[in-house]
Amino acid sequence: MKSMLIAASLLKFEKQRFGLLAVLFFLALTHFSAGADAGPKVQLDAKKAGPRAVESLTQNAIVRDYRTAWNNMAHALESNSVGPLDGPFTGEAKTWLWQSVMSQQKTGLSRRYVDQNHRVEAVFYAPEGDVIELHDTADFQLQILDSGKVVQEEHVTAHYVVLMTPSADRWLVRHLQSVQQF
Amino acid sequence: MRPALLNCGFAGLIMCLSLASWGQNITVPTSAVAGEPATLSIAGSGKATFYLIGPGISNKHEINLGEDIKLRGDVLRNAGDYRVIVCSDSCHSATFFVTAAKPASLSFLVHPSRVPVSLSDAVSGVAFPFDRFHNLVLSPVTINFQLSAGNASLLNRSANTQAGVAWFRTASGKSAGALQVTASVDDLSAKRVVQQVASDPCNLRITGQRNATGILVQTEPVHDCSGNPVPDGTIVSFTANAGGVKSTVDAPIKKGIARAQIDASGAAVISGASGVVMGNELRVGAR
Amino acid sequence: MKIILPIILVIATVVLIAMALVTSGNAAGKTVGIAVGSAFYGLTPKPTTPEQALSNLLLDAKRRNWDNAFASVSTAQPVDKQLFVQDWTGSYGSLRSFSALEGFDIRPLHITNEQALMRVRLHWTTPVGPIEDLRDFHLAKEGDIWKTVWPKSQVPNVPSQVIPVTYLRWDLVSAGGDDEWGAKNIDAPHVRIISMNPSDFAEGSVILGEVVNEDTIPAFVNVTATLLDASGNAIDEETSFDKIDHVLLPKQVTPYRIDFPGINLKNVKNVRMNVKATLVPASADPVIGVMNQKVDADFQGKAVLRGDVFNESGQTINIPHVIASLYDNNGKVLWVADGYVERALLPQTSVPFAVEIPKNMASKVQNFHVVVNQYSMGRN
């Protein structure tokens with residue numbers, strides 16, 4: 001009887017340990033999976049911007065709104081929905097991203113941007129402050145998915161020429177063009 | 001041809017090495033221009049799935065390995081990076097860039113839309129050249145800026161674009177009226193109009209005379225310091241002080257003159273002001 | 001036990017009702033709100049005292065029971081009933097037309113056997129917030145009851161005439177079609193804050209100053225202030241709300257006042273001002289003059305800036321709003337006071353106004369400037 005009780009308690013302990021290990025394993029998986037993403041990191045260097053100097057409040061706004069733009073763009077291209085494009089984008093950038101989403105919807109493809117890191121340099125700020133040109137050196141993990149299955153995953157360092165224009169309460173990305181080098 | 005870069009952390013080293021060597025089977029264009037067709041060649045045999053991921057485009061087709069793939073100009077209309085992925089037993093990829101075509105339009109921003117005359121560095125303009133697919137042309141382009149008011153040319157200057165942008169800044173003219181601002185590249189041009197308006201009133205002078213109902217005050221024709229008439233609708237504030245009692249009327253200029261009726265029976269001192277510009281004082285005797 | 005509680009509740013209810021009926025509501029010699037014995041319709045008590053007579057009239061006016069109200073008015077001199085009613089209900093779309101009498105406080109000033117002078121504070125509910133109006137009523141005894149002597153209504157006598165409107169008007173046309181970047185460029189009007197003075201006031205603080213429209217087109221203006229602490233964090237953000245003339249014609253100056261209730265300036269290290277100006281259609285008409293302005297005391301002894309607003313144009317101004325900036329001897333804005341005129345401003349006529357000056361500032365006021373904001377139905 002005593003040995004049966006000991007065996008039962010040992011078995012229970014083993015079950016608990018197994019359960020704990022399973023939980024830890026899945027947690028580790030989710031940590032390394034594409035879903036674990038704290039959002040894009042953006043650093044702005046506006047020292048060389050001209051002819052107008054970029055005010056500090058404007059710099060904060062640009063960083064905030066550019067980060068939102070990339071966050072929304074990643075969400076739109078991953079979920080194949082155009083809704084997230086409405087807020088932060090305008091003009092050609094919005095048109096191209098909209099076309100990308102529509103095209104992906106037809107083919108069942110999607111994209112995932114993970115661990116985004118953007119080093120942004122302001123290279124031109126118009127005299128009246130109505131347009132700013134940024135050069136973005138972006139590092140991220142890019143996954144291409146076909147019907148939810150990853151067909152391509154690579155670490156990318158990309159260069160973007162970005163035009164942003166102010167609206168009523170935020171800066172909008174008007175142009176987002178990838179280039180081989182600046 | 002650009003070799004594919006893969007993250008080998010979780011897949012296993014041997015698998016990574018084999019995939020990296022297969023990336024060299026895709027031949028992509030070294031330089032592609034927006035709107036122009038391009039050809040890819042993919043070595044191998046058998047069937048594969050072909051993906052083209054680029055700005056505004058995500059294509060997927062079944063292809064036969066070993067055959068060239070012709071990409072139409074409209075597929076490559078947007079400038080940027082295009083990823084080619086070919087999957088048969090496993091997937092390999094390559095990347096190529098499409099650059100903007102020659103300029104076909106100018107986005108021209110001019111500020112302000114209204115400017116006082118004779119103000120230094122008052123008018124500025126920024127021009128971006130775009131190709132016919134609305135790609136920003138980043139290669140240097142010479143843009144000519146011209147400003148003219150009537151027959152007088154105020155500015156004729158050329159500037160090369162840097163990072164796809166050229167700009168100018170200049171003083172406003174001396175006379176009120178429309179200022180034509182043009183940016184041009186070869187036979188392309190973009191025109192804007194800036195309204196030059198009179199500056200603050202200068203030498204604001206008022207006159208007044210008593211009538212049956214009080215005092216009728218009016219300004220002489222209101223001009224700025226360059227002699228331009230101040231636009232109708234501009235407010236002139238008349239103030240009358242009579243026996244410790246004050247009366248004010250904010251009257252708009254009409255046909256160059258502002259006029260108001262002030263209720264004051266005793267001797268009064270009357271002054272006029274427009275914005276932050278003060279005029280003369282006038283003393284009118286009692287009724 | 002079961003029926004004791006209901007019995008207690010019924011008794012308590014009856015006692016409370018009786019107390020309400022019996023208690024006069026007198027507080028420090030004033031008759032407040034609803035008068036004695038008049039909680040129920042049809043039970044108007046006999047006006048045997050001046051307070052009762054006036055209370056009856058005011059209560060009927062509050063209930064818009066004009067026949068009963070007019071019956072409380074003395075017929076010793078002719079009174080036009082329509083003008084009497086208009087005096088309470090307003091006319092020509094004035095602020096009074098949209099207001100309701102909420103309550104009143106009566107205080108006797110002077111009572112003899114035959115005559116009485118009563119001062120009444122009328123509490124009005126209006127679309128722009130509660131307004132208090134102080135009025136003196138003269139009553140006379142007729143027989144064994146008291147009646148209110150109604151003053152002769154001042155009807156403006158404006159001769160019929162045709163007044164051409166030749167002032168400038170600005171319309172705003174919104175561009176349609178494709179949004180070509182840079183092609184549709186109309187800058188927002190250029191306005192500038194020309195002064196900004198923060199100061200403590202009552203339990204909080206205020207920011208006072210003036211704004212000018214430096215442009216050649218009308219602007220709709222709003223001023224916002226953010227109070228920042230030593231770390232640069234925002235403590236509070238407020239706007240000028242209606243303490244500003246929002247529509248500024250070219251070169252027009254308006255005062256503004258931004259209230260921060262409950263925030264003392266000692267915690268504030270910086271103030272961030274923001275003036276927003278947008279394009280707006282507008283007209284240079286009507287032209288309103290502010291005549292006979294002077295600072296003196298009203299009949300309560302409070303310092304007021306009073307004067308008359310005169311409509312120099314041919315259009316009725318339904319709701320004039322007077323905004324006054326008061327300056328010290330250095331030209332610094334000491335205070336910005338405002339008040340709504342409850343009567344409409346008919347063409348070529350004037351209406352008096354008075355705005356209160358805080359007690360601690362009255363002695364420092366050396367100069368003042370008044371602007372008139374206006375709302376005209378059919379134009380706005």
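The values are calculated or read from the model by the stated rules, or taken from the named source; none is laboratory data. Note that this is a predicted model, so its numbers are computed, not measured. Backbone-built Cβ (ideal geometry, glycine too); neighbour counts: all protein chains shown.
Some notes on this structure:
- With respect to the stated conditions, residue A:107 fails to be in contact (Cβ under 8 Å) with a residue 40 or more places away in the chain and within 10 Å of another protein chain (Cβ to nearest Cβ).
- Of residues in the stretch C:276-289 being buried (at least 16 other Cβ atoms within 10 Å of the Cβ) and not in a strand (DSSP E or B), the one modelled with the lowest pLDDT: C:285
- Subset of the stretch A:100-119 (residues that are among the hydroxyl-bearing types (Ser, Thr, Tyr) and closer than 15 Å to residue A:69 by Cα): A:113
- Given (1) within 9 Å of chain B (Cβ to nearest Cβ); (2) more than 26 Å from residue B:123 (Cα to Cα), number of the condition residue A:80 does not satisfy: (1)
- Residue among C:359, C:364 that is free of Cβ contacts under 8 Å to residues at least 40 places away in the same chain and not aromatic (Phe, Trp, Tyr): C:364
- Residue in the stretch A:81-102 that is of a type in the set (Ser, Thr, Tyr), part of a loop (DSSP other than H, G, I, E, B), touching a residue at least 12 places away in the same chain (Cβ under 8 Å) and in contact with a strand residue (DSSP E or B) (Cβ under 8 Å, 6 or more places away or on another chain) present: yes
- Residue that is farthest from the other protein chains (Cβ to nearest Cβ) [pool: residues in the stretch B:39-64 that are without any contact (Cβ under 8 Å) to a residue 40 or more places away in the chain and hydrophobic (A, V, I, L, M, F, W, C)]: B:43
- Hits in the stretch C:110-127 (condition: exposed (fewer than 12 other Cβ atoms within 10 Å of the Cβ) and in contact (Cβ under 8 Å) with a residue 12 or more places away in the chain): C:113, C:114, C:127
- Exactly one residue out of B:161, B:142, B:99, B:95 is away from chain A (no Cβ under 11 Å) and of a type in the set (Ser, Thr, Tyr): that is B:142.
- Qualifying residue in the stretch A:127-136 (condition: exposed (fewer than 15 other Cβ atoms within 10 Å of the Cβ) and either within 14 Å of the chain's Cα centre (by Cα) or part of a strand (DSSP E or B) (or both)): no
- Residue B:97 meets all of the listed conditions (1) crowded, with 20+ Cβ neighbours inside 10 Å; (2) more than 22 Å from residue A:164 (Cα to Cα); (3) under 18 Å from the mean Cα position of the chain (by Cα) but one, namely (3).
- Residue in the stretch A:39-51 that is more than 17 Å from residue A:161 (Cβ to Cβ), away from chain B (no Cβ under 14 Å) and in contact with a helix residue (DSSP H, G or I) (Cβ under 6 Å, 6 or more places away or on another chain) present: yes
- Residue, farthest from residue B:118 (Cα to Cα), within the stretch B:192-228, restricted to residues that are among the hydroxyl-bearing types (Ser, Thr, Tyr) and surrounded by fewer than 20 Cβ atoms within 10 Å (Cβ to Cβ): B:213
- Selection status of residue B:66, modelled with pLDDT under 50 and part of a loop (DSSP other than H, G, I, E, B): no
- Residue check, residue A:119 assigned to a strand (DSSP E or B) and touching a helix residue (DSSP H, G or I) at 6+ places or on another chain (Cβ under 7 Å): no
Matching residues to (1) touching a residue at least 40 places away in the same chain (Cβ under 8 Å); (2) more than 30 Å from residue B:281 (Cβ to Cβ):
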| site | (1), (2) |
| --- | --- |
| B:168 | yes, yes |
| B:173 | yes, yes |
| B:187 | no, yes |
| B:195 | yes, yes |
| B:206 | yes, no |
| B:233 | no, no |
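- Taking the stretch B:170-277 as the region of interest, none of the strands (runs of 3 or more DSSP E) fully inside it holds 3 or more residues being within 8 Å of chain C (Cβ to nearest Cβ), out of contact with any strand residue (DSSP E or B) (no Cβ under 9 Å at 6 or more places or on another chain) and on the phi > 0 side of the Ramachandran plot.
- Scanning the stretch B:123-136 for residues that are under 19 Å from residue A:131 (Cβ atoms) and more than 10 Å from every other protein chain (Cβ to nearest Cβ) turns up B:129, B:131.
- Criterion (crowded, with 21+ Cβ neighbours inside 10 Å and among the β-branched types (Val, Ile, Thr)) met by exactly one of A:63, A:54, A:82, A:42: A:42
- Listed conditions (1) more than 30 Å from residue B:138 (Cβ to Cβ); (2) out of contact with any Lys or Arg (no Cβ under 6 Å at 6 or more places or on another chain); (3) surrounded by fewer than 16 Cβ atoms within 10 Å (Cβ to Cβ); (4) not small (Gly, Ala, Ser) are all met by residue B:238, apart from (3).
- Test: residue in the stretch C:30-37 that is within 28 Å of residue C:339 (Cβ to Cβ), at pLDDT 90 or above and assigned to a strand (DSSP E or B): no
- Among residues of the stretch A:139-182 being aromatic (Phe, Trp, Tyr) and assigned to a strand (DSSP E or B), the one that is farthest from the other protein chains (Cβ to nearest Cβ) is A:171.
- The residue that is nearest to the other protein chains (Cβ to nearest Cβ), counting only those in the stretch C:290-322 that are of a type outside the set (Gly, Ala, Ser), farther than 18 Å from residue C:158 by Cα and not in a strand (DSSP E or B), is C:298.
- So residue C:273, is it assigned to a loop (DSSP other than H, G, I, E, B), more than 12 Å from every other protein chain (Cβ to nearest Cβ) and aliphatic (A, V, I, L, M): no
- Unmet requirement for residue C:225, which otherwise passes all of (1) at pLDDT 95 or above; (2) not in a strand (DSSP E or B): (2)
- Taking every residue in the stretch C:242-262 that is away from every other protein chain (no Cβ under 11 Å) and more than 12 Å from residue C:220 (Cα to Cα) and pairing it with any residue that is assigned to a loop (DSSP other than H, G, I, E, B) and acidic (Asp, Glu), at least 6 positions away or on another chain, the pairs with Cβ-Cβ distances below 9 Å are C:255/C:245; C:256/C:245; C:261/C:203; C:262/C:203.
- Summed over the stretch C:64-94, residues that are outside any loop (DSSP other than H, G, I, E, B) and not hydrophobic (A, V, I, L, M, F, W, C) total 7.
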